[in-house]
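Report on the following structure.
Please treat every number below as a calculation from the coordinates, not as lab data. Values in this document were obtained by computation on a predicted structure and should not be read as measured data. No Cβ is skipped: glycine too gets one built from the backbone with ideal geometry, and neighbour counts run over all protein chains shown.
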Amino acid sequence: MIGVSTAGRSHMRYESPTTTREAVALMAKEKGKAYLLAGGTDLLVRMRSDFIDPDLVVDIKRLPGILDIRKTASGFSIGAGVSCAAMGRNKPLARAWPGVVEAAQLIGSDQIQGRCTIAGNLCNASPAADSVPALIAAKARAVVAGPKGRRRIAIEKVVTGPGKTSLGKGEIVVAIELPKRPPKSGDAYLRFIPRTEMDIAVCSAGVSLTLGPKNVVKQARVALGAVAPTVVLVPKAARAIVGTRLEDDALMKLSAACEAACSPIDDKRGTVEFRTEVAGVLARRAARIAYDRARSLRGRNG
Ligand SMILES: Cc1cc2nc3c(=O)[nH]c(=O)nc-3n(C[C@H](O)[C@H](O)[C@H](O)COP(=O)(O)OP(=O)(O)OC[C@H]3O[C@@H](n4cnc5c(N)ncnc54)[C@H](O)[C@@H]3O)c2cc1C
């Protein structure tokens with residue numbers, strides 16, 4: 001244990017365990033406020049702004065395998081400590097899941113990229129988290145270690161509301177798994193921000209799809225960010241494009257289904273009407289990019 005003597009936080013303990021069992025036990029038995037630390041780009045900002053005052057911070061970056069990206073028989077496993085910059089440098093991952101990687105790489109600046117993780121982006125539970133719509137569209141799962149062992153949860157089941165997750169006491173996301181891609185698959189993520197970078201999504205859309213014979217869409221998943229208390233999966237939007245080659249009427253049906261799934265907040269960054277309409281437009285454009293990727297050689301990897 002290392003004592004941290006940050007001004008006003010002399011009570012806070014910082015632990016950096018080297019086994020998952022130890023990390024789980026530390027989180028499970030702490031009676032005060034305990035937080036996991038991945039990249040710290042949300043956690044440290046919240047501490048410094050005095051939104052939270054932890055009694056215990058458990059750094060996960062020394063856990064075995066936590067910094068690894070592994071290509072497995074069933075897809076990819078991305079350790080919960082892997083930075084978004086490292087995801088972008090992993091060529092097989094970027095080839096197989098360009099939409100997921102581009103979503104991860106939209107987070108923050110170069111400095112933030114070197115630290116931030118998709119597991120932290122997920123567990124921070126912001127409705128506007130950039131990697132989450134892309135992960136949900138990709139049918140990714142979180143591998144969770146806890147006092148009762150390991151379990152896998154669909155990404156859409158992790159966040160239950162702004163700042164809230166379904167993780168129990170002592171549970172840690174140790175990896176995010178992406179499935180193996182069938183041939184002719186593609187994904188894409190787009191967000192709207194008033195600036196060119198370093199901003200929170202006003203709304204966003206992730207689409208992943210697989211093509212069958214004659215380039216007809218065989219399977220699809222569509223997810224929207226920042227238009228509801230949690231990222232929303234929109235099965236009706238996916239159904240609108242399955243069986244089509246993304247003809248105009250199919251894309252208009254996809255947009256309509258997306259708009260119907262929106263229940264956004266109204267604030268100075270975007271009105272309800274604006275967020276709703278733009279979410280439909282982004283979903284349409286992301287579907288088009290995913291489709292073009294699926295048709296190209298890049299969509300065949302993974
Ligand atoms: C300048 C700046 C710009 C930013 N820009 C963006 C942006 O464009 N888009 C965007 O989406 N976000 C943005 N963010 C927010 C932040 O960078 C991301 O949410 C990032 O992905 C968080 O990852 P992290 O590893 O730093 O998480 P941390 O800060 O380490 O953790 C975040 C939360 O998740 C919990 N947690 C972390 N790891 C785990 C785990 N393995 N299991 C369970 N719980 C865990 C922590 O306890 C904490 O509550 C920005 C932040 C800053 C400071």
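Computed from Cα positions, the angle between helix 248-261 and the longest principal axis of the chain comes to roughly 40 degrees. Reported value for the range 157-207: 150 Å³ per residue, from the convex hull of its C-alpha atoms.
Apply the Debye scattering formula to the range 104-147, with a single equal point scatterer on each alpha-carbon and no solvent, then give log10 I(q)/I(0) at q = 0.16, 0.32 Å⁻¹. The Debye formula, applied to the Cα set alone, gives -0.45, -1.22. Based on C-alpha pairs under 8 angstrom that are at least 6 apart in sequence, the range 67-134 has a relative contact order of 29 percent. Picking from I172, I153, I118, which is most flexible by a Gaussian network model of the chain using Cα springs under 10 Å? Ranking I172, I153, I118 by mean-square fluctuation puts I153 first.
Loop-located trypsin sites (Lys or Arg not before Pro) in the range 165-257 (DSSP state not H, G, I, E or B) with no more than 12 neighbouring Cβ atoms inside 10 Å: K169, R195.
If eta is 1.002 mPa s and T is 20 °C, what Stokes-Einstein diffusion coefficient results for the range 193-253, Kirkwood Rh from Cα pairs, in µm²/s?
The estimated diffusion coefficient comes to 166 µm²/s.
Antiparallel versus total DSSP beta bridges in the range 1-145: what percent is that, nearest 5? Antiparallel: roughly 50 percent of the beta bridges in the range 1-145. For the chain, the longest principal axis of the alpha carbon atoms and the long axis of helix 20-29 meet at an angle near 70°.
Considering Cα pairs under 8 angstrom that are at least six residues apart, work out the relative contact order of the chain and quote it in whole percent. Write out the running numbers ahead of the final one.
Details: 737 pairs, mean separation 49.7, N = 302.
Reported relative contact order: 16 percent.
Working note: Cα atoms of the chain, range along each principal axis, descending, whole Å: 61, 46, 34. Computed from point charges on the beta carbon alone (+1 for Lys and Arg, -1 for Asp and Glu), the dipole magnitude for the range 247-294 about its Cα centre is near 240 Debye.
Shape of the range 9-71 from its Cα gyration tensor (a ≥ b ≥ c, root eigenvalues): rounded if a/c is under 1.5, otherwise prolate when a/b > b/c, or oblate? Here the range 9-71 falls in the oblate category. In the range 206-294, taking the dipole from charged Cβ atoms about the Cα centre, the farthest positive-side position among P235, L209, C258 is held by L209.
The relative contact order of the range 59-183 comes to 26 percent, based on Cα pairs under 8 Å that sit 6 or more residues apart.
For K184, a cut-off of 12 angstrom between C-alpha atoms picks up these aspartates and glutamates, skipping any fewer than 8 places away in its own chain: D292. Structure remark: mean-square fluctuation, Gaussian network model of the chain, C-alpha springs under 10 Å; the largest value among E30, E259, E15 belongs to E30. Within the listed set A38, A73, A290, the residue fluctuating most in the Gaussian network model of the chain (springs between alpha-carbon atoms under 10 angstrom) is A73.
Compute the Cα gyration tensor for the range 137-260, then decide on rounded, prolate or oblate, letting a ≥ b ≥ c be the square roots of its eigenvalues: rounded whenever a/c is under 1.5, prolate when a/b is larger than b/c in the other cases, and oblate in all that remain. Mind showing how you got there, number by number?
Details: a/c = 2.26, a/b = 1.44, b/c = 1.57.
In terms of gyration-tensor shape, oblate.
The magnitude of the dipole of the range 3-104, with charges of +1 and -1 set on the Cβ of Lys/Arg and Asp/Glu and taken from the Cα centre, is near 300 debye. Using the alpha carbons alone, the radius of gyration of the range 36-134 stands to its Kirkwood radius in an Rg to Rh ratio of 0.98.
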